1. Looking for whichever is crowded, with 17+ Cβ neighbours inside 10 Å, over 16 Å from the mean Cα position of the chain (by Cα), of a type outside the set (Gly, Ala, Ser) and more than 18 Å from residue 93 (Cα to Cα) here; the options are 215, 266. Which one fits?
2. Could you check segment 206-250 for helices (runs of 4 or more DSSP H) lying wholly inside it with 3 or more residues that are under 18 Å from residue 267 (Cβ atoms) and at pLDDT below 80?
3. Show the residue pairs meeting these rules: Cβ distance below 7 Å; 6+ apart or different chains; first residue within segment 63-90 and within 26 Å of residue 273 (Cα to Cα) and of a type in the set (D, E, K, R); second residue open to solvent by less than 90 Å² (accessible area, probe 1.4 Å) and modelled with pLDDT of 80 or more.
4. Quickly run through segment 48-61 and pick out the residues that are open to solvent by less than 60 Å² (accessible area, probe 1.4 Å) and not small (Gly, Ala, Ser).
5. Pairs under 7 Å by beta carbon, first residue polar (S, T, N, Q) in segment 204-228, partner assigned to a loop (DSSP other than H, G, I, E, B) and modelled with pLDDT of 75 or more, six or more apart or different chains?
6. For segment 184-209, how many residues are open to solvent by 40 Å² or more (accessible area, probe 1.4 Å), among the charged types (D, E, K, R) and farther than 19 Å from residue 251 by Cβ?
Amino acid sequence: MAQVLGVAAAESIHPHQLFAEMGMDSLMAVQLHRRLQRALGVPLATTLAFDHPTVERLALHLRRDVLQGASHQRPAEVTAAQPDEPIAIVGLACRFPGEGNDPEAVWRLLQQQAVVAAPVPASRWSPADWYDPSPEAPFRTSVARGGFLAEVEQFDAGFFHISPLEVISMDPQQRLLLEVSWEALERSRQDPAALRQTKTGVFVGAGANEYAERLQDLDDQAAARYAGTGNLPSVLAGRLSYFLGLHGPSLFVDTACSSSLVALHLACQSIRQG
């Protein structure tokens with residue numbers, strides 16, 4: 001890749017960066033295809049660089065699909081389950097108020113019957129600007145406590161290959177979905193790289209998005225250009241499928257309060273249908 005791009009040090013090539021972002025054009029894509037085909041001695045698709053647009057994805061494809069490396073076999077395709085066959089949940093991850101950042105912590109909170117309502121964090125808003133003890137006061141709230149996720153503003157944008165500028169415009173639900181889904185894979189002992197290009201499905205149920213309203217006051221026009229993809233709930237499932245390179249069904253469900261339940265139901269149906 002460094003030779004095709006004319007870069008002196010191969011170490012400067014980031015394995016997760018898109019070829020297009022590195023400056024690769026159509027001619028370079030052809031050159032990369034020819035070099036690899038000559039070096040490996042096997043026929044390769046001419047669309048190689050477009051179908052697998054990062055070094056990491058290209059290397060995985062060559063190793064798993066072209067060279068058939070025994071150490072990195074493609075997971076077996078799912079076959080249809082019998083109607084009465086139980087479906088196992090093998091990995092969980094979550095974020096709840098009261099530091100319920102993993103299933104074990106949530107279980108402890110339930111056992112303790114803990115009350116997790118807390119004062120409004122200073123990083124959210126100033127309660128004094130909105131609080132009034134009278135429930136009848138117009139444009140005010142008589143509640144000064146709530147269930148808040150800790151450090152919801154923290155996000156490792158680089159890990160998920162998202163620019164800092166785009167993150168500003170992203171609904172926290174999108175950030176949380178990426179974090180929690182990756183964590184669920186780790187807890188289920190799944191290698192995310194091994195799932196690339198498999199028929200792994202993503203079914204997402206999500207609630208209302210109030211973040212878009214706050215972006216209306218954003219003065220940064222450069223950041224505002226990402227407001228659409230950052231706040232449309234329909235992007236939730238697609239963003240996760242794209243990041244993980246999954247080729248199975250990918251859909252967002254909005255049935256109000258039953259969204260998560262319906263998403264889980266559809267996922268189970270998909271497994272039963274193979």
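The values are calculated or read from the model by the stated rules, or taken from the named source; none is laboratory data. Just so it is clear, the model here is predicted, and its values are computed rather than measured. With ideal geometry, Cβ positions are generated from the backbone for all residues, glycine too; neighbour counts draw on all protein chains shown. Protein only, heavy atoms only, side chains kept; ligands, DNA and RNA dropped before computing areas. Shrake-Rupley method; radii C 1.70, N 1.55, O 1.52, S 1.80 Å.
1. Answer to the check: 215.
2. By residue number, no helices (runs of 4 or more DSSP H) qualify.
3. So the pair list comes out as 74/64; 74/198.
4. Within segment 48-61, 48, 52, 53, 54, 55, 56, 57, 58, 60, 61 meet the criteria.
5. As it stands, the answer is 209/171; 209/233, since those pairs meet every condition given.
6. Going through segment 184-209 one residue at a time, the tally reaches 4.
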